[in-house]
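Chemist: Structure incoming, see below.
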Amino acid sequence: MRFEAWNEALRVTCGHFQGVPERTRRSVDGHFRRQSISGLDVANFACDLRRIERTRRDVRNDHQEHLYLLFQIAGLTKVEIGETRRVLRPGNLFLLDSTSPSRMEFSGERSHCVSLHLPRAALLSGASRALRIGRVHADDQRHARWLRQRIVAGLARVEQRSDPEFLLELARVTFVVDGDGAPALPDRSSQRSRYQFALREIELQITSPNLSLGWLAATVGISERQLERDFAAHDTSYIRSVRDQRLKLARDLMKLAKRSGRSVRVTDLAYSSGFRDLSNFNRAFKAGFGVTPRECMRLVGPAADYPVSSRPPEREAVAPAGG
């Protein structure tokens, strides 16, 4: 297969990723197939490239946010995220976060991998505990076996279930962390560490009625004023971060409903994504996506094609009460 065709299929299916071939090579020993399992996009690919990479610029330019569930079929894949490096062997499962720059290295050796695209906000908001993102799942526990079997059956087109929520829940229970599920506390002397921890807690608690600035500050272990300064140092605020995450969840829920052939009421969409005021939800959605929720549901393209861009006045979001 010619490299240009392979790389174009990667871009169309997975967004802002770039394949890098070995020097002087313009062909790929492998394939790239875009498939679907329970309405979720799947990249079924094999290659002998040098690597596939996703740079910081790629992350900024990509409006869709996923957790890519990688299932290694054959060969090896070396995954690099920041300073972290992992090796995927046949049978391994791995969650790759699209919001972070990453690199998959093959060193010219043929590797076969499947990538199931899970809407990030929807997956995280439904998790009862933190998920093992960026860690290799090599265990043979039953949920992992079921997940592998479901993916294989879906690729072979013998999979029966059409509701994507079934696969999302199966991924959640497979990747939930051991023990009490509490993520490691941040380094309180590091503003970046505190901020990243706060964002993760917002993602996990986005639909909880207990989510508030006071609760989050207590969870991080700092004062509310210090937490507000941490958000301001990253050119955002607590209220804005909560609003954006709820909009992403609403966008994901709308897309999942479309793919499973279900209709969804705007009121249910608002409440399911953490908003408690319908007019506030409609204003925030229009400001973030450029269309109203009702208009978006009538559009042919998926809702996830729209970025969260413009920002409504912060007074419109009532975070402690759910938006």
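Chemist: Tell me which aspartates and glutamates have Cα within less than 18 Å of residue 286's Cα, excluding those fewer than 8 residues away on the same chain?
Modeler: 244, 252, 268, 277, 295, 305, 314, 316
Chemist: Once you sort the root eigenvalues of the Cα gyration tensor of the range 211-272 as a ≥ b ≥ c, which label holds: rounded (a/c under 1.5), prolate (a/b larger than b/c) or oblate (the other case)?
Modeler: Working: a/c = 3.86, a/b = 2.76, b/c = 1.40.
Taking the square roots of the gyration eigenvalues as a ≥ b ≥ c, the range 211-272 is prolate.
Chemist: Can you give the accessible area of residue 143, probe radius 1.4 Å, in Å² rounded to 10?
Modeler: That residue has around 50 Å² of solvent-accessible surface.
Chemist: Over the chain, what is the relative contact order in whole percent, taking alpha-carbon pairs under 8 Å and six or more residues apart? Each step should come with its number before you reach the end.
Modeler: Numbers: 578 pairs, mean separation 48.0, N = 323.
Once normalised by length, the contact order is 15 percent.
Chemist: Report in % the part of the accessible area of the range 1-106 that belongs to carbon and sulfur, leaving out ligands and nucleic acids; probe 1.4 Å.
Modeler: Values: 2160 of 4850 Å².
On the range 1-106, the fraction of accessible area on carbon and sulfur atoms equals 45 percent.
Chemist: At q = 0.14, 0.23 Å⁻¹, what log₁₀ I(q)/I(0) does a Debye calculation on the Cα points of the range 48-140 give, no solvent, two decimals?
Modeler: -0.50, -1.28
Chemist: In whole Å, how far is the Cα centre of the range 48-92 from that of the range 252-299?
Modeler: Result: 31 Å between the Cα centres.
Chemist: Further question: Using only Cα atoms, what Kirkwood radius does the chain have, in angstroms? Kindly include the intermediate steps, with their values, before the conclusion.
Modeler: Values: mean 1/r = 0.0484 Å⁻¹.
In the chain this quantity evaluates to 20.7 Å.
Chemist: Probe of 1.4 angstrom, ligands and nucleic acids ignored: what's the accessible area per residue over the chain, in square angstrom? Working shown, then result.
Modeler: Numbers: 15100 Å² over 323 residues.
I get 47 Å² per residue for this part.
Chemist: Using the Cα atoms as the points, what is the convex hull volume per residue of the range 174-297 in Å³?
Modeler: On the way: hull volume 15.6 nm³, N = 124.
Spelled out: Cα convex hull of the range 174-297, divided by residues, is 125 Å³.
Chemist: A further question follows. Find, to one decimal place in angstroms, the Kirkwood hydrodynamic radius of the range 103-256, where the mean of 1/r is taken over every pair of different Cα atoms and then inverted.
Modeler: Values: mean 1/r = 0.0564 Å⁻¹.
Roughly 17.7 Å, rounded to one decimal.
Chemist: Per DSSP helix of 4 or more residues, -39500 (n - 2.57); summed, then divided by the residues of the chain. What does that give at 222 nm, rounded to the nearest 500? Kindly include the intermediate steps, with their values, before the conclusion.
Modeler: Numbers: 12 runs with 129 residues, N = 323.
Dividing the helical sum by the residues of the chain leaves -12000 deg cm²/dmol.
Chemist: Then there is this: If packing is taken as the average number of other Cβ atoms within 10 Å across a peptide's residues, how do 283-293, 210-220 rank, most packed first? Can you show the working numbers first?
Modeler: Working: 283-293: 19.6, 210-220: 17.5.
The peptides rank, most packed first, as 283-293, 210-220.
The values are calculated or read from the model by the stated rules, or taken from the named source; none is laboratory data. Not measured: the values here are computed from a predicted model. All Cβ positions, even for glycine, are placed from backbone atoms using ideal geometry, and neighbour counts span all protein chains on display. Accessible surface areas use protein heavy atoms only, side chains included; no ligands, DNA or RNA. Shrake-Rupley method; radii C 1.70, N 1.55, O 1.52, S 1.80 Å.
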